[in-house]
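Comments concern the structure below.
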Amino acid sequence: MKDAAPQKIYLSDYQVPNYLVEDVHLTFRLAPESTRVLSRITFRPNPEASSKDFFLHGEDLKLISTKIDGAAVTPDLVVGGLACAVPDATFVWEAEVEISPATNTALEGLYMSNGMYCTQCEAEGFRKITYYPDRPDVMSVFTVRIESDLPVLLSNGNPVASGEGFAEWHDPWPKPAYLFALVGGELINHPDTFTTKSGKEVELNIYVRPGDEGKCAFGMEALKKSMIWDEEVYGREYDLDIFNIVAVDDFNMGAMENKGLNIFNSSCVLASAETSTDMNFERIEAIIAHEYFHNWTGNRITCRDWFQLCLKEGLTVYRDAQFTADMRSEPVKRIEDVIALRARQFREDNGPLAHPVRPDSFVEINNFYTATVYEKGAELIGMLKTLVGDAAYYKALDLYFDRHDGDAATIEDWLTVFEESTGRDLTQFKRWYEQAGTPRLAVEESYEDGTFTLTFSQSTPPTPGQDQKDPRVIPIAVGLLNPNGDEVVPTTVLEMTEATQSFRFEGLTARPTPSILRGFSAPVILERASSNAERAFLLAHDTDPFNKWEAGRALARAGLVKMILNGAAPDGAYLDAVLQVLRDDSLDPAFRALALGLPSQDDLAQTLVDQGHTPDPQAIYEALETLKMAMATHMQDVLPRIYAQYQVTEPYQPDAEQSGARSLANAALSLISRVDSGTAAQAQYDSADNMTQQLAALAALLTAGKGEQAVAAFYEQWKEDRLVIDKWFGLQISLADPANAAEVAAALTQHPDFTMKNPNRFRATLGALAMSPAGFHRADGAGYKLLADWLIQLDPLNPQTTARMCSAFETWKRYDCDRQALIAAQLDRILAQEALSRDTQEMVSRIRNA
Ligand code: ZN
């Protein structure tokens with residue numbers, strides 16, 4: 001049962017644990033509905049604690065027996081766990097509990113997925129396995145015995161014994177319970193080995209369901225690349241004899257960094273040319289790296305409490321972005337990341353769910369695995385590195401690993417390391433962790449007698465619980481261009497610390513054009529009055545690839561806003577500028593594909609709000625369609641040439657070069673299909689031998705209104721492959737006419753292959769609708785109602801996935817009164833559900849109270 005009044009937990013209430021754990025022995029007797037878990041735990045009073053109360057977390061456990069030092073005891077079962085009288089000395093606690101993995105649909109704790117046992121313990125799932133101090137600052141050495149007839153039985157650390165019906169594992173590295181993992185199943189292994197730089201041989205395995213063994217090779221290569229990269233760049237070596245990855249179909253998130261036993265959503269590890277797109281490959285490589293990198297940033301150094309989540313996540317996202325930039329293209333990765341940051345994190349920061357990178361309170365920690373903690377958290381690391389410089393950054397990291405290895409650390413620990421190793425005062429920088437909201441950075445320029453002056457002003461709008469904000473330190477990377485397009489001042493980092501501050505550049509011979517916030521050097525919204533001529537100039541001449549792209553985007557956005565608000569025609573200057581970029585064969589094709597991309601519907605809605613307008617989702621959609629059609633016509637001569645020129649003829653490789661060529665060719669195809677009634681797309685569909693080409697062709701056919709046959713054929717071809725069928729569900733909805741996207745989604749929820757129990761399928765269907773603004777925000781509220789219906793059905797089964805998808809409603813205050821009333825009614829209907837989960841209750845009430 002969920003407690004009636006969900007309790008808020010505060011960072012300021014942190015207390016050290018009353019008891020520390022010396023070691024843990026667990027025995028699992030696996031059975032689908034009656035798994036027995038026997039625990040033997042050595043506790044010792046924490047000399048630093050002020051209380052001797054003994055409390056263990058526990059949820060949904062059937063307690064069979066408990067002993068202290070071998071004698072039976074009867075603990076008090078209380079909400080969320082148990083309390084017990086214990087000796088004032090080291091003692092051994094033993095408990096036997098029964099749990100039911102087969103009926104665990106929340107996918108937290110020990111559960112079953114297609115007949116396989118697996119676990120998910122972060123953040124607070126271990127308490128659903130046995131009674132334990134389930135908090136990250138209690139670290140211990142785990143020894144695990146699994147009893148089952150299943151052939152593959154895995155846990156953390158190194159294997160120590162196995163035989164008929166059992167396996168034993170020992171993890172020598174003390175860890176919090178959230179990093180515990182167990183897997184049991186009939187799995188196929190894709191094995192390999194890796195020799196660390198100090199010569200240690202490590203056994204590597206990727207375990208998958210039979211039938212998926214052909215989709216492991218790419219993940220294995222990504223893992224080995226990650227291992228080498230972390231040795232070379234951060235000096236971090238792997239620290240066990242074995243590293244296991246397991247693919248699981250039913251998983252709430254992307255993947256999990258359990259010590260020595262990473263568990264992955266199968267969509268984030270299984271890859272093949274036939275079934276995965278180039279984007280899938282890039283993402284899989286990044287997630288494998290991310291989870292592997294957690295071995296140091298997360299596992300060896302973990303978090304003191306869940307408020308410090310960004311300590312491991314922000315840093316690890318930053319590290320995986322560096323890795324991807326090194327493996328592929330740095331500018332392309334940066335542009336992709338900023339697009340995602342604006343789409344997810346800026347959106348969050350501008351709405352009712354805004355919270356600091358380090359929150360100071362929460363009801364349900366699962367609701368704080370957010371874009372703000374992850375992506376903005378990573379931006380903070382990037383800013384810190386920009387401010388102190390590369391060499392000082394790596395020196396500070398060495399000190400961090402040295403000093404805090406084995407610790408459950410805090411953001412204060414992290415910043416202190418930087419302060420000590422660089423001598424810099426980071427008091428003001430810390431505000432980035434404490435203050436929510438995206439700073440607006442306004443800029444004014446003047447030029448006189450060879451001196452160019454930039455005057456910046458920063459301000460951050462109020463966010464829930466935070467009205468007033470103090471100025472932050474903002475690294476602003478700037479370069480200056482001469483009227484002829486030459487760079488006269490190369491990238492220089494200005495360090496802004498005041499609310500308003502001027503910076504001067506002297507000795508210039510003409511008024512320059514500034515390129516501001518190069519590389520997106522800080523997660524802020526730059527407010528700068530600029531002309532289209534200047535944007536076109538920067539798009540043509542900026543030496544910074546990010547700002548070059550950004551100039552094109554600003555040009556597109558300005559034109560679109562005029563189309564939406566005044567019914568203006570597509571901006572000819574934009575069409576010409578983008579045509580020039582398209583034609584410029586000296587530019588990376590991947591960059592050109594990105595430059596052809598337009599701001600999303602959601603981006604435009606927020607832009608309109610920032611300019612004081614109420615966005616009309618249908619008008620935004622139509623403006624985008626009109627502009628795409630204008631692009632297709634304007635570039636009619638060049639597009640087929642580009643399409644032909646960038647066809648890849650070599651055997652498929654998911655590398656940066658080939659994927660860049662395909663992304664440009666397919667961006668061209670998408671436009672061509674608007675004017676050739678799908679002829680080129682049909683030809684590509686019929687000849688495609690990889691999923692990137694096949695899916696791009698299918699999307700283009702759907703856009704051209706010629707998708708019916710291909711949709712049916714695609715299903716027939718792929719109906720046995722659940723990951724491909726997820727794409728099939730999603731694409732039909734996201735490319736549906738907004739007038740009937742809700743009906744398309746509703747019909748797909750009735751398809752025999754739809755199941756709400758699988759989070760991937762649920763997201764592919766209802767998530768696709770929620771992410772199609774015009775369809776979701778249809779004026780009659782059909783989109784809202786459909787999503788709410790399904791959230792209400794899913795919540796009793798899977799609170800985590802339900803709660804995450806509630807963020808579909810987070811932008812509701814942007815829209816007109818009628819839409820707001822329709823959404824409010826759906827939010828109230830969700831809140832009125834009896835026994836609503838704590839997760840969903842918290843999310844919906846935060847949104848509703850905006
Ligand atoms: Zn992570």
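The values are calculated or read from the model by the stated rules, or taken from the named source; none is laboratory data. Everything numeric here is computed off the predicted structure, so don't read it as measured data. We place every Cβ from the backbone using ideal geometry, glycine too, and count neighbours over all the protein chains shown. SASA here: full protein model, heavy atoms, side chains in, ligands and nucleic acids out. Shrake-Rupley method; radii C 1.70, N 1.55, O 1.52, S 1.80 Å.
Observations, loosely collected:
- In plain terms, the chain from N114 to A850 could stretch by 260.9 nm, reckoned as 0.36 nm per residue minus the Cα-Cα distance.
- Karplus (6.51, -1.76, 1.60) ³J(HN,Hα), θ = phi - 60°, over the stretch 579-596, in Hz, Gly and Pro reported as x: 4, 5, 5, 4, 6, 7, 6, 7, 8, 3, x, 4, 5, 5, 4, 5, 5, 7
- Computing FRET efficiency as 1/(1 + (r/R0)^6) for R403 and E237, where r is the C-beta to C-beta distance and R0 is 22 Å, gives about 0.75.
- Relative contact order for the chain: 8 percent, from Cα pairs under 8 Å spaced at least 6 residues apart, divided by residue count.
- Under 5 Å between amide hydrogens, built in the peptide plane, is the criterion, and for E487 it picks out N482 among residues at least 5 positions away or on other chains.
- Degrees, to the nearest 10: 617-634 long Cα axis against longest axis of the chain: 50 degrees
- Extension gain, S586 back to D76 (0.36 nm per residue minus Cα-Cα distance, nm): 176.4 nm
- Once the Cβ-Cβ distance of Q647 and S677 is raised to the sixth power relative to R0 = 25 Å, the FRET efficiency obtained is 0.75.
- Our coupling estimate for the stretch 536-543, obtained by passing each phi through the Karplus curve with A = 6.51, B = -1.76, C = 1.60 and θ = phi - 60°, is 5, 4, 5, 4, 7, 10, 4, 7 Hz, Gly and Pro reported as x.
- Sparsely packed loop sites in the stretch 312-386 (the chymotrypsin sites (Phe, Trp or Tyr not before Pro) outside DSSP H, G, I, E and B with at most 15 other Cβ atoms within 10 Å) do not occur.
- Cα long-axis angle, helix 390-404 against the chain (0 to 90 degrees, to the nearest 10): 10 degrees
- Taking amide H as placed 1.01 Å from N in the peptide plane, T492 has its amide H under 5 Å from the amide H of V478, G479, each at least 5 places away in sequence or on another chain.
- At a probe radius of 1.4 angstrom, the accessible area of the chain per residue rounds to 38 square angstrom.
- With R₀ fixed at 56 Å, the C-beta to C-beta distance from V493 to I64 puts the FRET efficiency at about 0.35.
- Under 5 Å from the amide H of L182 lie the amide H atoms of T119, each residue being 5 or more positions distant or on a separate chain, with H modelled from the backbone and absent for Pro and chain starts.
- Proximal charge balance of A782 [Cβ under 14 Å; K/R count +1, D/E count -1]: -2
- For the pair T633 and D467, the difference between a 0.36 nm per residue extended length and the Cα-Cα distance amounts to 54.9 nm.
- A simple rule links phi to the HN-Hα coupling: the Karplus curve 6.51 cos²θ - 1.76 cosθ + 1.60 with θ = phi - 60°, which for the stretch 679-686 gives 4, 5, 5, 4, 4, 5, 4, 5 Hz, with x for Gly and Pro.
- Under 16 Å from a label point set 7 Å out along the Cα-to-Cβ vector of A835, the amide N atoms of the stretch 778-817 belong to 792-800.
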